[in-house]
Structures are given as C-alpha cells and as structure tokens.
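The structure under discussion appears below in the form of structure tokens.
The values are calculated or read from the model by the stated rules, or taken from the named source; none is laboratory data. Keep in mind it's a predicted model, so treat the numbers as computed, not measured. Cβ atoms come from the backbone with ideal geometry, glycine included; neighbour counts cover every protein chain shown. The area values use the complete protein model at the heavy-atom level, side chains included, leaving out ligands, DNA and RNA. Shrake-Rupley method; radii C 1.70, N 1.55, O 1.52, S 1.80 Å.
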Amino acid sequence: MWNALQYPAFRWLFLSTLFSLAGSKIHRIALLFVAYQETQNAVWVSLILGAQFLASAVLGPLMGPLVDRYDRRSLMVISNLARAALVACIPLFAINSMPALMVISFLLAAFESIYYSSSNSVIPEMVPESALDSANGLMMFVQRFSEIAFVALAGVLVAGVGPAPAFWINTASHLLAAGLLALLPSLAGKAGRSNYFQAVAEGLRPLWQNPVLSRTIGTLALAAAFGSVEGALGIVYAAEALKIGVQGFGVLEALMAAGAVLGLWATMPLIKRWTREVVFVRSLALWGLAFASLGLFPNTIWAGVVMVLMGLLNTMFIIPARSIIQLAAPPELRGRIMAAFGATMQSAVLMGTLLAGLLEPRLGVLTVLWLSGFTVFLVVFTVMLRGGIPQLKAGPQPS
C-alpha cells in the first residue's frame, strides 16, 4: 500500500494533506461546539453545515475550470493560505457571530473544494498507473486516520481549554501544509482559455457522454443516495433498535472507520487479481447486502461485525472507483470532472439524508435500513447485468 510514497511529488502532497486534515477535523468539532454553545439551538448547526454543503455542491463545478487552466500547485497553496486566514478570523472577531460563522464556513468549503479538485487531478501525473490505487488508498487512509485520531483529540481539547486553541491549531496546520506544497514542482493545467462557462459545461458533459464515467459516477451516486441514510439514522438505530445509546453509536462508528483502514490492505491484492472495475462493482454490491442486514438482524454483536465489514467494503469500492474516474477523465478536463464528481456525491448524500428524514417516521428505522441496503444492491446488480463498468486501456505514464 505504501509504494506510492517513493514518488517525491506525491509524498509532499500526502504529508500536506495529512497536516491540513488534522487541523480541519479539530476545527470542525470546535466550530459545531461554538455554534451550539452560543445559541443552544441546533438550527444554527444545521445552517452552518448547510452552508458548507452549498459551497461544495454548487461552487465546486463552477470553479473546476480554474484547476484545469492554472498551476495546481499554486491553487493548492492559495487554498491553504486562504483557509488559514479564514479560520484565524473566527477567534479574532467571529466567534460570537453566527452569520459570520456561516459566511466563513461557506468560504472554507469553497477553498477546500479547489484543493481537493486540484489534488485528485494531479495524482495521476505524480505516480505511474501501477501505483495509482496505492496513491488513492493512501489519500483515503489520511482521511480515515484523521477521523479516528483527530476528532477524538478535538473533543478533549475543546472540553479542556475551549474552542479558540482548536482554531489556532487549524490555522497553523494550513500554513504548514502550504509550506510543504511549495516543495512540489510546477503542475500546470492543460486546458486552454476558452469561454469560462463553456469550460464549466465541458467538464460536466463527460459525466453522461463518457460510458466509463457515466456508469461509474452514476452507480456511485445512486448508491450514495440510498446508502447515506445510515449517516442520518445511525444514532436512531443505536438508540432505538439496539438500545445501546449514544456511546454505542460512537463505538459502531469507530468500528466502521477501523474497517475502512483494514480495507486498504485488502484492496490492492484484489485489484491485481481481478480488475478495478470488477472489485468496484462486487464490493459495492456486497456493501448493499451488508447494509440491508442491519435492518433485518438488529443485534448488537452482529451490528458491530457488519460495521467493520461495511468500512472494509467502502474502501474496496471507493479506491478503484476514484482511480477509474481519474484515468477515464481526459487530462485537460480532469480538474473539472473531479469537481463535478465531488458535487454529484455531495448532492446524492443530501438526497439520502432527506430521504431518511421522510421515510423513518413512516416506515421505522429497521425497514428503512434494509430497504435502502437492498436498493443499493439492486442498483449495482442492474449495472452488472448491463455488462458492468467498461474496462479502461492502460493510461499515460507521468513524466
């Protein structure tokens, strides 16, 4: 899994993302704590999270042409510097103003979208195709590790000394990440300077015209629309169906994160044995069945086993899917396509969250879980009956 780190450019990207995410996870807990503490009202928490979603889902594709036109190293450095400045504004003057926190959250998500569109689009240029799955796996490892290590640290930090130090830690982490990114070589965009909104449309069009992209992203989006009900109903499932309360819910989420980390070691050997396309669809189909079993067999021990399995399978379909999308995207459109992919998934997750809120009062949490999981399986099974994901030819190697 670690062989992608032998490539210096990717190594600097990996380290910068680790430092950036470490601060961001701490910042997120502190921000939500401040929003609730100041207002004692969950509405403001929802509005701040909604502002972040709106920036990612709407501005992400609109800013995609920047990633394809300009130097990606510069864009990633600017993104980190801008986020450092924005986070520093919170303890300086915005910590008691909910409207200001909403605006800052919106802008943070916008610059974060630029960073991740840039980083995902340059990975195929930093490593050869043989190491692409390893590179994507390591980037996913950074995310999961941050969720396990730094979210817990954030809770202890905020409870012990208050939220302000958490914001300053995040500011410092973004500055450090920007410094590491400055060590990268120039990563010039490959697109021309045509009409800007025409360039936005060019980045969206392959999502339904390119058969590899349309099937891969379409399958993931439909699966996410139903599979993301787990995020909304997990606490309800733990408290009402399993009777294990919020502490049990935390344990289940930790088990899923641990399974996702274990999946990093299982994914690469499977891709070598089969293909990315086969590992993607089979893992996603099994994920749907595992998810459905939570509603069919509401047992605490079984739920713990399934959460580990779901985390493992989540890694096993996300890594090959990301590699497929990166390789299928033309280099001059890759930044826009990765931005559109991120926005599509954000929209699908929002749909799943709304779906959970609509169905759970009418059907009950167990029915919604097994029905959603089985729907994910049916979506993937239909794709498999139609021939699965078209296999890509070998892509160009980085210089």
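Working value for segment 1-125: equivalent-ellipsoid semi-axes of 29, 16, 12 Å, each the square root of 5 times a Cα gyration tensor eigenvalue, largest first. Nonpolar atom fraction for segment 297-336, defined as the carbon and sulfur part of the 1.4 Å probe accessible area, stands at 76 percent. Taking the Cβ-Cβ separation of Trp2 and Glu332 as r and a Förster radius of 25 Å, what is the calculated FRET efficiency to the nearest 0.05? Once the sixth-power term is evaluated, E becomes 0.20. Diffusion coefficient (Stokes-Einstein, Kirkwood radius over C-alpha pairs, 25 °C, 0.890 mPa s) for segment 150-255: 127 µm²/s, rounded to a whole number. A quarter of the convex hull surface defined by the alpha-carbon atoms of the chain gives 18.7 nm² as the mean projection. Percent of accessible area on segment 32-186 owned by carbon and sulfur, 1.4 Å probe? Of all accessible area on segment 32-186, carbon and sulfur atoms account for 72 percent.
The mean sequence separation of alpha-carbon pairs under 8 Å and at least six residues apart, normalised by the residue count of segment 8-146, gives a relative contact order of 39 percent.
When only alpha carbons are used to place a centre, segment 85-121 and segment 161-219 end up 15 Å from one another.
Rolling a 1.4 angstrom probe over the protein heavy atoms with all chains in place gives segment 14-158 an accessible area of 36 Å² per residue. Fully extending the segment from Arg205 to Trp265 would add 18.1 nm, taking 0.36 nm per residue of separation and subtracting the current Cα-Cα distance. Full extension of the chain between Ala100 and Ala164 yields a length gain of 21.5 nm, computed as 0.36 nm times the residue separation minus the alpha carbon distance. Restricting the calculation to Cα atoms, every distinct pair contributes to the Kirkwood radius of segment 86-154, found to be 14.6 Å.
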